[in-house]
Structure formats: structure tokens, C-alpha cells
Amino acid sequence: MFLDFFRFVFIVESNQTQSFRTALGGEKSICLCFLLNLIRYYLFLQSNHNNMIFSLIRQIREFINKNKLKFLTDILLFCFITVALHWLWWHVWWKLEVFDFLHLWAKHLSHWVYLGSSWMLDNIFSVSHRAENDTLYFTGGAISIIESCSGLKQFYQLFFLLLIFPGPWKHKLWYIPSGMLLIFCVNIFRIVVLSFILLWKPDIWDFAHLWVLRPFYYVVIFILWVIWVERFSSKKLCK
């Protein structure tokens, strides 16, 4: 390493030195040549460093392909992207004023979830309730459908997840909206189930809301992602 440094920085080609001496004078030419060779040495190290990184990436890919671990790495990537999108939603997009329109979208979407849930309870299950101001009132309590219940965050996660993973755009153009529609229906189903829990077993409502039906969103997203990877994200379809 030291010899490489010495060769790049202190050994100056005679024709280069002669040109700078003619134009700038002896001392200035030596300083300038020293700086130029220092830059050359930095670029030399950077090139070697990049080659090492590319070599390591290639070895990792060969190991994954050899041991048929691609689906496992895809699952790890799915988890990483999902967590990253979750963090960005609550700590960046949801807080910055420039993204205030997201609150408006969530409000409208939660209202549609409220209307769909009320319609299902009334027309399909014949559950007695009063619907008012995005809230479903029952004999034993009430469920308020607010912005965080809209499902907009799950739309956003599914959209970027499928956008990041490879696949033909002609399929993404219909698969992503279809997935969002499914998530919307799942959200209505979630509110209906929570309504029955409130009526029949109110003591487990908080647990069901936080630890069963909220994670169920991500089960649906994961299934949609698996279908995408297995059916649409192959190299043959991407051509």
C-alpha cells in the first residue's frame, strides 16, 4: 500500500513535469503535480474499493442462487421495505406540512369506509346501529372511523412495494389498483368484525383491534406480494 502511494504521489512523469515547469515555474509545477498525483491515487483506491464491493455482491448472489435462497432474501427485502415505508409514513409524510393533502385523502377515504361498513351492517347482517359523523353507535358502545382507520397507509405501502419489485408495467397498472380495492374491502370487513366483537365480547375489543385485525392488513399485503413475485415478477414475464 505504501509503495503504491509513493508511486502515485511522488513519481511524476518527466513530460508532465516539463510542461508544468514551462508554464508555471519549478516550485509551482512540483506542487501542482503532487496534488494531481494525490487525486490520481485517491481515484485508484476508490476504483479498487468499488471492485471489492462488486466482487462481494457477485459472490453473495452466486451463494444465493447456488443454495436456492432467493425467496428467503425476497422475504427479508419485503420486511425491510415494509418497515422503512411504515417509518417514513409516520415520521416524514404524515408530519410535514407539504403533505397535508394526505390528511384530506385519509379523511375522505375513512368516510367511504364508514359508509361501506354501515351499509354492510344494515343490509347484510341486519345489525341495529346508528350511523352519524363517521361513527357507528351500538347498544354497548361506538366505533369512530378516523383518518388512521382509512387504510391510506396500506395503499401507500402496497403501491411502493409493488413499484420497487420488478415486473411488467402492463400488469402493475391493473394489479396495484386491484390490490388497493381488496385492501379497501378488507378494511370494511375489519370494521364489521370489530362491530360484532363490540356487541358480543367487548372485553377483547382492544386486543382484537390492535393485535389481530390490524396485523391482518399486513397478511393481506404479504399475500398480494407473494402472488406478484410468483406469478408476475419472473424474468420471462419481464421481457
(message) I need to check one value: relative contact order of the range 103-239, counting alpha carbon pairs closer than 8 Å and at least 6 residues apart, in percent.
(response) 27
(message) Please list 3J(HN,Hα) in residue order for the range 101-118, calculated via the Karplus relation 6.51 cos²θ - 1.76 cosθ + 1.60 where θ = phi - 60°; whole Hz, with x for glycine and proline.
(response) 4, 5, 5, 5, 4, 5, 5, 5, 5, 5, 5, 5, 5, 4, 5, x, 5, 5
(message) Going by Cα centres, the range 144-158 and the range 199-223 are how many Å apart?
(response) 14
(request) Could you work out the per residue convex hull volume over the alpha carbons of the range 159-239, in cubic angstrom? (result) 77
(request) Could you run the Karplus curve 6.51 cos²θ - 1.76 cosθ + 1.60 with θ = phi - 60° over the range 211-227 and give me ³J(HN,Hα) per residue in whole Hz, x for Gly and Pro? (result) 10, 10, 7, 5, x, 4, 3, 6, 5, 5, 4, 5, 5, 4, 5, 4, 4
(request) Starting from the exponent 0.38 and prefactor 2.2 Å, build the expected Rg for the range 93-239 from its residue count and divide its actual Cα Rg by it. (result) 1.19
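Computed from the coordinates by the stated procedures, all read-outs in this text should not be read as laboratory data. On a predicted model such as this, the values are computed, not experimentally measured, just so you know.
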